[in-house]
1. Being under 35 Å from the mean Cα position of the chain (by Cα) and in a strand (DSSP E or B): is that true of Val682 here?
2. Among the numbered conditions (1) open to solvent by 30 Å² or more (accessible area, probe 1.4 Å); (2) at positive phi, tell me where Gly413 comes up short.
3. Given the structure, is Val327 hydrophobic (A, V, I, L, M, F, W, C) and either modelled with pLDDT under 95 or surrounded by fewer than 24 Cβ atoms within 10 Å (Cβ to Cβ) (or both)?
4. Residues in the range 640-649: is at least one within 26 Å of Leu772 (Cβ to Cβ) and open to solvent by 50 Å² or more (accessible area, probe 1.4 Å)?
5. Among Arg429, Arg501, Arg512, which is the only one that is out of contact with any Cys (no Cβ under 9 Å at 6 or more places or on another chain), closer than 29 Å to Asn68 by Cβ and open to solvent by 20 Å² or more (accessible area, probe 1.4 Å)?
6. Search the range 768-784 for residues that are open to solvent by less than 10 Å² (accessible area, probe 1.4 Å) and pair each with any residue that is not in a helix (DSSP H, G or I) and not aliphatic (A, V, I, L, M) when their beta-carbon atoms are under 6 Å apart and the residues are at least 6 apart or on different chains.
7. Among the strands (runs of 3 or more DSSP E) confined wholly to the range 342-418, which include 3 or more residues that are in contact (Cβ under 8 Å) with a residue 24 or more places away in the chain?
8. Go through (1) of a type in the set (D, E, K, R); (2) at pLDDT below 95; (3) more than 30 Å from Gln541 (Cβ to Cβ) for Arg21 and report which single condition fails.
Amino acid sequence: MPRLPVVSAPTPSFSVPEALRKEGLSQGDYDEIVRRLGRAPNRAELGMFGVMWSEHCCYRNSRPLLRNFPITGARILVGPGENAGVVDLGEGQRLAFKIESHNHPSAVEPFQGAATGVGGILRDIFTMGARPIALLNALRFGPLEDQRNVGLMEGVVAGIAHYGNCVGVPTVGGEVAFDPSYGGNPLVNAMALGLMETDDIVCSGAVGVGNPVVYVGSTTGRDGMGGASFASAELTEASLDDRPAVQVGDPFLEKGLIEACLEAFQSGDVLAAQDMGAAGLTCSCSEMAAKGGLGIELDLDRVPARESGMSAYEFLLSESQERMLFVVAAGREEPLMARFRRWGLQAAVVGRVLQENVVRVLQHGQVAAEVPASALADDTPVNHHELLAEPPAAIREHWNWSEDQLPPADGAGLALAAGVLGWGEVLLRLLDDPTIASKRWVYRQYDHQVQANTVVLPGGADAAVIRLRPQQGAGAMAAATRGVAAVVDCPNRWVALDPERGAMAAVAEAARNLSCTGAEPLAVTDNLNFPSPDTPTGYWQLAMACRGLSEGCSALATPVTGGNVSLYNETRLPDGRMQPIHPTPVVGMVGLVHDLAHVTGLAWRAPGDGVWLLGVPLEENGDERLGLAGSSYLEVVHGWLTGRPPRVDLALEGRVQGFLRQAIAAGLVRSAHDLSDGGLAVALAEACIASGLGAHLELPAGAGRPDRLLFAEGGARLLVSVAPAQEAAWRQALEAAAAAGEPLPAQLLGTVVADSRLSVSRAGQSLLALELEQLRHTYEQAIPGRLRKAAPPPDR
């Protein structure tokens, strides 16, 4: 049978410069496309290259840096390159997990942008053959004093709640932070976990020449056009005009898609599967073909469409939601499609697997596009950048800051021009900071108990914990004794000041949070949210953060299984200036809870328990692992974001976390909470608020600044409570660690008390004396109070 010619003219029938601008391609890209095709591309083909060669799809700026991540380990079953990573949990259980961003869509249409971000990450999970069991999210917004930021946050949270609640997957954890740099460009990162339900992991590479290619799910429309290219460009005042690039989701349809897909995967009829996310049909066809070393022929006339008159360009670039593409065993397509139709879903044979490594697109009996699959998905361009030989001058200037530049301080407080600011007032200011304050307003909108496997409620521990109980099969009714813990973390202030140390700290804090629950950290998925890499500073930030992530993951034995890169997170202001976000490499980490009976929360448990600081000790000065540089205290109280963040001691981090996990397993620890934003004082306040119990601490005497003792930040620091009956065994465990050549700093600071009061003294002088009700009110009303103030007055 003779091959049909590609619909193309010797010279393009469209404006090449205008088309390149729309697709986010350069003239150099266009010349390379012509060279690879041996001809000028038609408009549909140029659109295919535009989305597949975007940063969002091919990581053309970051790919060389990602190759340095550790990606192998004893528990790693699937690493980078598939829809999600998979780790072995033992006892026949396997966990799929991944994180992805939906930043740009959420900036212009917050509800649908966030909702479809949730839908997309869920598809990545169940495409592997795993049933989604949990969702988390990492969010960043501008200050809530600005009504626009309030609207963005309300829309994003409502979108996440709508999709997750309706689809029936609990949203169990996350983080929310605020900074002016996110004012025009919020960050919305969604993470999902799933428990494998199929014997074989479902991969995406096409297999079997001649096998049918089957489309299932929703219909294809014109929504989400060019979303991948849109997500790879800066935001401007005109970005609101790009609302058509934002998809519209249907969580009820996705629920049916989950069930139908898992049934189909268990039947063995599906040989390969790929969800249609960014770049839609173009991405799914080209990635399946490239990974399988084969080709795919796609007939657009067979694709279920919700609108008439759609062009090949529109079909190929549509990002309509809740759609999947399968390679199915020949002869099994009809039973498979019947299964999906029973769930009220579309199903159609839309193509076949080819021997030739191409993506061939047919429409109206003609070849609408034909492109080598590897050119779209594998052999994609790399933008080479020169790495600065030394940190940028602005960063070096920040590193010159020292604590000597702070106002005088003593036991009474800070000596400011307006008078003395007491340490109790300082703590209340920190608890009133929305980044530190309670996120109850956010998580109360999420259904965090659907599926009945949530072990720890939001806010109850440093990480979410989910019971490992299958939803189907013999194990569904059995009592589960093991669990999985998950967390997302990123200290964006630290990363802004020192990307390498900040990224290391993100890994260390994520592992520390898991360890505080008793979970063994296993593996990482990361979401690299950065501004433009085209500036020397932007690329330096990205490169140094990747180096820090690699160092942290290697040291703590938590390989990277995949993730997402989101660049060009910046806003062009009306005056032409660029406002970049803080570089924000979010670390999503999962851990294994070997015994749910020992899961540990952050709240005090009983009066009389001893309060211990495990890890980097309180000291007067000189320890580079601890300091006020880059701290919440420095920014909230003094208005400074400056200094070089403390050095991350990964060796001590590993020893401290390992010791804590062993102590929790032995029943020696009653509560555990890491020291993060706001240092010791905030950690104490949070443990008091969560429990309703007070604490009295007596800090070591010395001449050091009280603010350093109370509010300094640094890694490898944990606040634990130990029952009097276990104190002797706790001390023996510390002595045994020292005898084994791995001494761990540990200080008994005080006692949990029944009084509803937090009091901290040093050398007999009171530093803090606050009622719990005052702490709780400040902590819990910080965000709702700002939302009320920012709300427009009611119509009269």
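The values are calculated or read from the model by the stated rules, or taken from the named source; none is laboratory data. Given the structure is predicted, the values throughout are model-derived calculations rather than measurements. Virtual Cβ from ideal backbone geometry, glycine too; neighbours counted across all protein chains shown. Ligands, DNA and RNA are stripped out before the accessible areas are found, and what is left, the full protein with its side chains, is counted by its heavy atoms. Shrake-Rupley method; radii C 1.70, N 1.55, O 1.52, S 1.80 Å.
1. Values: under 35 Å from the mean Cα position of the chain (by Cα): yes; in a strand (DSSP E or B): no.
It is false that Val682 is under 35 Å from the mean Cα position of the chain (by Cα) and in a strand (DSSP E or B).
2. Unmet condition: (1).
3. Spelling it out, it is not the case that Val327 is hydrophobic (A, V, I, L, M, F, W, C) and either modelled with pLDDT under 95 or surrounded by fewer than 24 Cβ atoms within 10 Å (Cβ to Cβ) (or both).
4. Quick first cut of the range 640-649, residues within 26 Å of Leu772 (Cβ to Cβ) only: none.
For the range 640-649, residues within 26 Å of Leu772 (Cβ to Cβ) and open to solvent by 50 Å² or more (accessible area, probe 1.4 Å): absent.
5. Working: Arg429 fails: closer than 29 Å to Asn68 by Cβ; Arg512 fails: open to solvent by 20 Å² or more (accessible area, probe 1.4 Å).
Exactly one of Arg429, Arg501, Arg512 is out of contact with any Cys (no Cβ under 9 Å at 6 or more places or on another chain), closer than 29 Å to Asn68 by Cβ and open to solvent by 20 Å² or more (accessible area, probe 1.4 Å), namely Arg501.
6. So the pair list comes out as Leu772/Ser756; Ala782/Asp432; Ala782/Pro434; Ile783/Pro434.
7. On the way: elements: 346-354, 358-363, 366-372, 413-416.
Once the strands (runs of 3 or more DSSP E) in the range 342-418 are filtered for at least 3 residues that are in contact (Cβ under 8 Å) with a residue 24 or more places away in the chain, what remains is 346-354, 358-363, 366-372.
8. Evaluating Arg21 over (1) of a type in the set (D, E, K, R); (2) at pLDDT below 95; (3) more than 30 Å from Gln541 (Cβ to Cβ) leaves (3) as the failure.
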